[in-house]
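Everything on this sheet refers to the single structure shown next.
The values are calculated or read from the model by the stated rules, or taken from the named source; none is laboratory data. This is a predicted model, so every value here is computed, not measured. Quick reminder, even Gly has a Cβ in these numbers, built from the backbone with ideal geometry, and neighbours come from all protein chains shown. Each accessible area value is taken on the protein alone, full model and side chains, heavy atoms only, with ligands, DNA and RNA left out. Shrake-Rupley method; radii C 1.70, N 1.55, O 1.52, S 1.80 Å.
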Amino acid sequence: MISECISLCRELIDDETVTYRISDTRMKEWFRRACFDAQKILGFPALERIEYNFNPYLVSDPTQINPALFENYSNITINQYLYLTSLTSQGYIETKSVDEIDRLAMIKITANCKDGTIDDDVTFDVSLDKPHDLTDGNSGTWLVTDGLLTAISNGVFCLVDTIVSKKFALKITIKSGKAIKLVDLSIERFRLSANFKDGDIIDIAKLMASYDFEDRAGKAVNAGNSKETVDWLFWKAREFKKQVLNQVDDKQIIAGIGGSVNLHPGNPYADKALSTSNDIVSGFGDNSIIEIQTGGTIRRTN
């Protein structure tokens with residue numbers, strides 16, 4: 001679902017040639033933003049955050065690990081930081097699973113460390129079916145290990161929208177010989193609203209496209225581009241939002257009783273379009289011209 005949104009957005013903003021102008025990471029952030037922007041018509045999404053600070057479970061005995069938070073560990077110590085007990089072999093630890101629902105769309109793991117780097121020294125894996133009602137030997141399907149997810153990068157959303165999720169658990173593995181110490185770690189879990197349907201993909205893609213045109217307009221302003229270029233980029237952004245949210249400049253468009261919406265948002269080129277000049281007007285988007293008089297003068301725009 002999210003991959004389809006990204007693909008459609010790339011079509012709308014003409015960004016279909018590798019190497020992409022907009023990264024997949026940025027696209028995922030736009031998807032999340034679009035879901036929140038469209039919540040009044042698509043339902044409320046949710047973003048939950050779990051945070052782990054690695055304080056010792058028992059100050060008197062740092063070798064003990066909190067059984068309410070962690071299980072299935074080897075060669076790991078938690079004492080102000082999370083680190084290898086012995087550098088001679090790798091170490092791993094799993095979080096206790098929490099209940100999840102099958103609308104989980106994206107997850108992002110963000111860890112901070114000292115004496116090393118996350119990307120080089122640590123790997124993450126997640127399970128969406130690991131049980132939590134057993135006291136020992138809990139096991140689940142680990143998505144990276146099983147090839148259902150690519151490697152999980154620190155601080156980057158990964159997509160799980162195509163996988164049914166009933167539970168959520170994280171596995172942290174520190175490679176052998178690494179002296180890295182994890183300072184803290186957070187997990188963001190983004191859920192789609194219950195009302196989100198496959199048919200809403202195009203609407204989300206249009207909102208994502210509007211963000212691109214807004215960004216490009218801002219860059220055009222900073223670069224000193226022409227007023228026509230800047231206005232056209234902002235106009236495109238507004239048009240995409242209008243199609244989805246039925247609003248312009250954050251104001252809802254409301255039809256009268258028994259009537260219909262007939263909006264003319266004030267095209268930035270109206271002063272040229274309604275002038276008596278027959279010069280070609282540059283900067284109009286597709287379908288911008290509604291009527292042209294016989295003499296060639298543009299008389300009406302949408």
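List of remarks:
- Packing order of peptides 140-150, 121-131, highest average first: 121-131, 140-150 (average count of other Cβ atoms within 10 Å over each peptide's residues).
- Sorted largest first, the spans of the alpha carbon positions of segment 27-83 along the three principal axes are 54, 21, 20 Å.
- Lys166 - accessible surface, heavy atoms, 1.4 Å probe, Å² rounded to 10: 110
- Distance between the C-alpha centres of segment 23-75 and segment 200-222: 28 Å, rounded to the whole angstrom.
- For segment 177-242, the gyration tensor built on C-alpha atoms gives an oblate shape. Its axis ratio a/c (a ≥ b ≥ c) is at least 1.5, and a/b is not larger than b/c.
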